[in-house]
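Worksheet: one structure, shown below.
The values are calculated or read from the model by the stated rules, or taken from the named source; none is laboratory data. As the structure is a computational prediction, the values presented were derived from the model and not from experiment. Here the Cβ positions follow ideal geometry from the backbone for every residue, glycine too, while neighbour counts run over all protein chains shown. Accessible surface is based on the protein model in full, side chains and every heavy atom, while ligands, DNA and RNA are left aside. Shrake-Rupley method; radii C 1.70, N 1.55, O 1.52, S 1.80 Å.
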Amino acid sequence: MAPRTPPRADPPGTEARRGALRLLLAVLGRGIALEGAMDSALSDVKLPQDRGLARNLATIVLRWSVDLDHIIDNATPKPLPDDARARHVLRIALAGLLVLKTPPHAVVSTALPLVESGPRRLVHAVLSRLLREAVALPDHPTLPDLFAVRWAHDWGADVTEAAARALADEPATDLTLKDAAATAHWAATLDGISLAPGHVRVPRAAQTGTLTEWPGFADGAWWVQDLAASIPARVLGCQPGERVLDLCAAPGGKTLQLATSGAEVTALDVSAPRLERVTENLDRMGLAARLVTADALDWTPPALFDRILLDAPCSATGIYRRHPDVLHLKGARDLAPLLDLQRALLARAARWLKPGGVLVYATCSLDPREGERQMVTLPDGMAVDTIDGDALPPGIAPTPLGFVRTLPGMLADAGGLDGFFIARLRRR
């Protein structure tokens with residue numbers, strides 16, 4: 001009996017692409033957020049560099065999906081179904097070829113093993129044709145139609161164009177410092193720039209090693225937080241000794257900000273596992289807060305608060321630069337339940353304020369229904385407290401109604417911002 005021929009080993013890089021395929025199947029097929037799919041989708045990907053490549057490829061596909069699909073559809077005899085494995089494989093292959101500049105032979109050799117029992121000949125023929133035609137991506141991604149239309153209606157053509165340009169690349173990493181007086185030191189140490197006191201932005205080109213290896217991480221000098229996400233706590237204006245509530249607190253960046261003020265901070269969230277991350281970050285930073293696991297709609301505080309920060313659950317479309325999967329997961333979502341929850345949380349939190357107390361309402365959404373339009377009818381006894389421009393990072397100003405709205409295109413020359421709505425209210 002002739003000896004059995006051992007199976008041919010996959011080319012180097014195939015395992016990372018197989019992980020990228022599982023990530024895309026989770027996000028686009030099962031509606032799971034990219035970060036939430038990482039552990040299960042990459043459980044068989046052992047090398048850190050392969051895990052990083054898998055995530056990078058999946059993210060590139062999510063950023064450029066409209067344009068990648070346009071290229072694929074122009075090279076196939078008839079359009080492949082949106083959920084076809086062959087389409088996902090071609091997307092990953094083109095992401096490597098056109099964005100990561102992977103050599104053509106490696107693109108083809110690592111794509112074909114992913115098709116398994118599917119149309120290998122079709123995938124090979126399409127890739128061969130596209131290589132011959134030297135296809136290219138446009139200058140910046142094309143937004144999915146739903147968001148292109150919606151944002152053009154809400155914010156205009158210029159903001160929509162800026163949003164598409166901001167989608168092209170993963171943004172720089174923003175850090176909030178425990179000690180704002182050390183801003184110049186940490187900007188120099190991390191080869192970054194500062195756009196506000198207590199903030200450092202580290203460009204992608206300056207980032208080496210894992211984030212936990214950067215200077216200052218182990219010492220608790222800073223934590224990761226987009227500049228726009230730091231504004232709600234900045235404008236809340238906490239003072240030492242005040243009773244402050246961070247509502248819907250996890251993952252805890254704003255809790256850390258409030259704790260650095262010397263206030264007595266209570267951080268409440270419905271998710272115990274997410275509050276564990278808050279505990280870890282407080283310990284690393286050497287800061288203190290009282291953590292409460294509870295549903296805010298059922299919980300009653302033992303005493304009233306001087307200030308409350310409500311970073312309300314929302315569609316999260318404002319963080320699409322960092323999490324492009326939201327453009328694929330949130331598009332068809334019915335906002336009505338979220339809008340009702342936001343109003344209920346706002347009304348309940350307002351009742352927990354002392355007379356004269358301040359409440360900041362914020363959402364990381366580019367949908368005015370979750371921001372400006374929620375301020376049309378305020379809870380009883382509450383009034384808009386116009387945000388002072390002096391409390392804001394340079395280049396960001398209050399709106400005519402006294403709110404803060406960050407949009408694509410703002411601070412673009414310095415790397416841009418996430419999309420946020422922020423309002424400050426005061427109990428009469």
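Over the chain, give the accessible area per residue in Å² for a 1.4 Å probe, as an integer.
Result: 45 Å² per residue.
Hey, what did the stretch 1-85 get for relative contact order, percent, Cα under 8 Å, at least 6 apart? Mind dumping the intermediate values first?
Values: 51 pairs, mean separation 25.2, N = 85.
The normalised contact order for the stretch 1-85 reaches 30 percent.
Taking the 0 to 90 degree range and rounding to the nearest ten, how far is the long axis of helix 14-24 tilted relative to the main principal axis of the chain, both from C-alpha atoms?
Helix 14-24 sits at roughly 50 degrees to that axis.
To the nearest whole percent, what portion of all C-alpha pairs in the stretch 370-411 is separated by more than 12 angstrom?
So the portion of pairs separated by more than 12 Å is 66 percent.
Quick one: putting +1 on the C-beta of Lys and Arg, -1 on the C-beta of Asp and Glu, what dipole do you get for the chain around its Cα centre, in Debye to the nearest 20?
I would put it at about 900 debye.
For helix 272-285, report the angle its Cα long axis makes with the longest principal axis of the Cα atoms of the chain; keep it between 0 and 90° and round to the nearest 10°.
Here the helix axis deviates by roughly 70 degrees.
Would you mind checking the tilt of helix 227-236 against the longest principal axis of the Cα atoms of the chain, expressed as 0 to 90 degrees and rounded to 10?
Approximately 10 degrees, to the nearest ten.
If the only charges are +1 at each Lys and Arg Cβ and -1 at each Asp and Glu Cβ, what is the size of the charge dipole of the stretch 276-356 around the Cα centre, to the nearest 20 debye?
That gives a dipole near 280 debye.
Relative contact order of the stretch 221-285: what whole-number percent is it, with Cα pairs under 8 angstrom and at least 6 residues apart?
Values: 83 pairs, mean separation 22.0, N = 65.
For the stretch 221-285, the relative contact order is 34 percent.
Quick one: Cα centre-to-centre distance for the stretch 342-356 and the stretch 407-428, in angstrom?
22
What 222 nm value per residue comes from the helices of the chain, counting each DSSP H run with n ≥ 4 as -39,500 (n - 2.57) and dividing by all residues, nearest 500 deg cm²/dmol?
After summing the helix terms and dividing by residue count, I get -12000 deg cm²/dmol.
Report relative contact order for the stretch 74-124 in percent, whole number only (criteria: Cα-Cα under 8 Å, sequence separation at least 6).
The normalised contact order for the stretch 74-124 reaches 35 percent.
Please express the shape of the stretch 306-381 as an equivalent ellipsoid: the semi-axes are the square roots of 5 times the eigenvalues of the C-alpha gyration tensor, given largest first in whole angstrom.
26, 13, 9
How many percent of the accessible area of the stretch 1-97 is carbon or sulfur, using a 1.4 Å probe?
Carbon with sulfur: 56 percent of the solvent-accessible area.
Could you give the nm distance between label points at Arg132 and Asp334, where each point is 7 Å from its Cα heading toward the beta carbon?
5.0
With Cβ to Cβ distances under 9 Å as the rule, what net charge do the other residues near Cys248 carry (K, R +1; D, E -1)?
-3
In whole angstrom, and with the biggest value first, how far do the Cα coordinates of the stretch 350-428 range along each principal axis?
Largest first, the stretch 350-428 extends 42, 27, 21 Å along its Cα principal axes.
For the stretch 279-318, just run the numbers: alpha carbon Rg, then divide by 2.2 N^0.38 Å, N being how many residues it has.
Numbers: Rg = 13.5 Å, N = 40, 2.2 N^0.38 = 8.9 Å.
In units of the globular-protein estimate, the stretch 279-318 measures up at 1.51.
When the Cα centres of the stretch 189-257 and the stretch 21-50 are compared, how far apart do they sit, in Å?
27
Assuming 0.36 nm per residue, please report the length gained on full extension of the stretch His124 to Ala152 beyond their Cα-Cα distance. Before the final figure, lay out each step's value.
Working: separation 28, 0.36 × 28 = 10.08 nm, distance 3.87 nm.
Length difference between fully extended and current span is 6.2 nm.
Of all the accessible heavy-atom surface of the stretch 169-312, with the other protein chains kept in place and a 1.4 Å probe, what percent is carbon and sulfur?
52
In the chain, how does Rg compare with the Kirkwood Rh, expressed as the Rg/Rh ratio over alpha carbon atoms? If you can, show how the numbers build up before the last one.
On the way: Rg = 23.7 Å, Rh = 23.4 Å.
In the chain, Rg relative to Rh is 1.01.
To the nearest 10 square angstrom, what accessible area does Lys78 show with a 1.4 Å probe?
150
For Ile308, what residues show an amide H to amide H distance below 5 Å, using hydrogens built from the backbone and excluding near sequence neighbours?
Here the answer is Leu245, Val358, Leu359, Val360, since their amide H atoms fall under 5 Å of that of Ile308.
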